[in-house]
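The values are calculated or read from the model by the stated rules, or taken from the named source; none is laboratory data. Given the structure is predicted, the values throughout are model-derived calculations rather than measurements. With ideal geometry, Cβ positions are generated from the backbone for all residues, glycine too; neighbour counts draw on all protein chains shown. Accessible surface areas use protein heavy atoms only, side chains included; no ligands, DNA or RNA. Shrake-Rupley method; radii C 1.70, N 1.55, O 1.52, S 1.80 Å.
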Amino acid sequence: MASGGQPAEDAPPTREALLAAVYEELQELPPRDRRWTAPIYERLPRVARLRLVAWERRRQRRELEARRDFSRRVRQIHGNEVRAWRRAIAPDGAFEVPVASVRRFCRKIRFAGSDDDLISSFTPAGGSTTVRLDQVCPWGMLLLAELRTWLRGRFGCCEGLWECPQAMAARREVRQGGDAGYLRKWLTWSAFADTLAALGCPLAGAEGEDRLRFVMQCLDFYGGGLIYVEDLRWLEDWRPEPWLSAAPNEEAVAEIKALLEEKYGALLIAWRSALDTDSSNRLSWDEFRDAVAALKYVGDVGGAWRALDTDLSGWIGLEQLDAASSQIIDSFKAWAESKYGSVGRAFVAMDTDGGGSLTSDELRRACRRLKWEGNSSLLFEALAIDRHAITYHNIAWMETWATSDAAAKREVAEALGALWADLFRGDGGTGAEPRPRSAGCCAPPRAIADAGGCAVSGARGGVRSAGG
């Protein structure tokens, strides 16, 4: 033993450390072969920590698998998530629906996964009673927002494209003998793409071929290779969230950070007090938008979010806003749970005088005595709201805190990236344009008209002429 009754630096591992190491080795054995060890290991703090980390990873993996399986099932039936939303989830044209509507749709398509995990993947902050289309398919809605912004800038509204000379020329039916006929009420994919290219739309450029094909898949309500003016009107009725029409803006992030530090003194205090109020370490766009609005910030909020949520997962953690504070909190929480089983027990061990609080000097001495190798000064600055002492109330939120996991983040990024790449293969991987069918074939089953041009009622509420 070293002086002061403390263990020497080269002291052998403790019994708990040895048991925890054995426990990790035993995880490779089948459960039936390690039942006898359960009572011993269940009480180990380090084992409790391992279980918490494993639970968080399993939860995240379940959400990813539910989202992947849902997307695959939807694309088998409807081609892509946007068309499924328009035709089955929100046929009334809404862009936000109750969670119950998504659950009913899952039952309708016989989704084999967990509804709860799927909803959690759409609303990562939890507690939401609604789901938006941009949460179901954020990648696709980014492209639709780009097209919408360009159309509104060029024509004032999306359906303005329908009456421009280029579109009217593409819609005009040419009869035998070269006589100009009536105007069709649809555009084929190729005609729609040619019209956008003639008008100089960025999506119609050589580098945007895949993106434009997906946009046309989303606008093609019936999946027949035809786009109607109602499809553009639906796009006009959408009111996209600001981040969908913004480019990543690091300067806006810096401005928001400065406002948070000015108001709360430190980013971690701002995170706990105004941003992540449920201590889940998951901040959604809605929470971020509302918190920044309370700061009366008038800059590029959407661009700031795009710069933070780089993988379009729908949420960010403290690591994206303040990496230094996140690293300190993760390190302290991991140490406390590994050594004592919980942050609360670690605090009791550090508070040797039983006063219920720790000053900066007391925290530094406790960290040195209990072998936490982190920066105690930064920890104190991050936790001490009144700058005088830390109480258990200041750290209790760590009990439910989800620590950063680099491996899990890579898994999320790769899984979401794969889903995004699969969107380009919504036609089965061929990349071919659907063969345009007659207007009657593209209409709902009960709204097929005769070839003489009788008016028929479409599923989207409009009256459409089968002949034009």
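Taking all protein chains into account, the per residue accessible area for segment 253-359 stands at 39 Å² (1.4 Å probe). The gain in end-to-end length when the Arg172 to Glu236 segment is fully stretched comes to 20.6 nm, 0.36 nm per residue minus the alpha carbon separation. Evaluated with a Cβ-only charge set (Lys, Arg +1; Asp, Glu -1), segment 264-331 carries a dipole of roughly 200 debye about its Cα centre, given to the nearest 20.
Approximating the spin labels as points 7 Å out from Cα along Cα→Cβ, the Arg72-to-Leu370 distance works out to 4.6 nm.
For Val131, nonlocal amide neighbours, meaning residues 5 or more places apart or on other chains whose placed amide H falls under 5 Å from its own, are Val97, Val99. Annotation for Ala323 and Ala198: the two label points, set 7 Å from Cα along the Cα-Cβ direction, are 5.0 nm apart. For segment 80-131, averaging the sequence separation of C-alpha pairs within contact (under 8 Å, six or more residues apart) and dividing by the residue count gives a relative contact order of 37 percent. Net charge dipole, segment 185-294: roughly 120 debye, given to the nearest 20, about the Cα centre with Cβ charges of +1 for Lys and Arg and -1 for Asp and Glu. Placing unit charges on each Cβ (+1 for Lys and Arg, -1 for Asp and Glu) gives segment 146-292 a dipole about its Cα centre, and among Met168, Tyr182, Val253 the Cα reaching farthest toward its positive end belongs to Tyr182.
Note on Ala294 and Glu399: with the Förster distance fixed at 25 Å, the Cβ-Cβ geometry gives a FRET efficiency of about 0.40. Carbon-plus-sulfur accessible fraction, segment 297-397 (probe radius 1.4 Å, protein heavy atoms only): 51%. Scalar couplings 3J(HN,Hα) for segment 290-307, obtained by applying the Karplus form with A = 6.51, B = -1.76, C = 1.60 to θ = phi - 60°, are 5, 5, 5, 4, 5, 7, 6, 7, 10, x, 7, 5, x, x, 5, 5, 4, 6 Hz; x denotes Gly and Pro.
Phi angles of segment 277-285 translate, via the Karplus equation with coefficients 6.51, -1.76, 1.60 and θ = phi - 60°, into HN-Hα couplings of 6, 9, 6, 8, 6, 9, 10, 8, 4 Hz per residue; Gly and Pro are given as x. Here the calculated FRET efficiency for Ser279 and Tyr182, from their Cβ-Cβ distance with R0 = 60 Å, stands at 0.40, rounded to the nearest 0.05. Legend: calculated FRET efficiency, Ser331 to Glu163, from the Cβ-Cβ distance at R0 = 45 Å, rounded to 0.05, equals 0.15.
For segment 111-169 versus segment 55-93, the inter-centroid distance based on Cα atoms is 14 Å.
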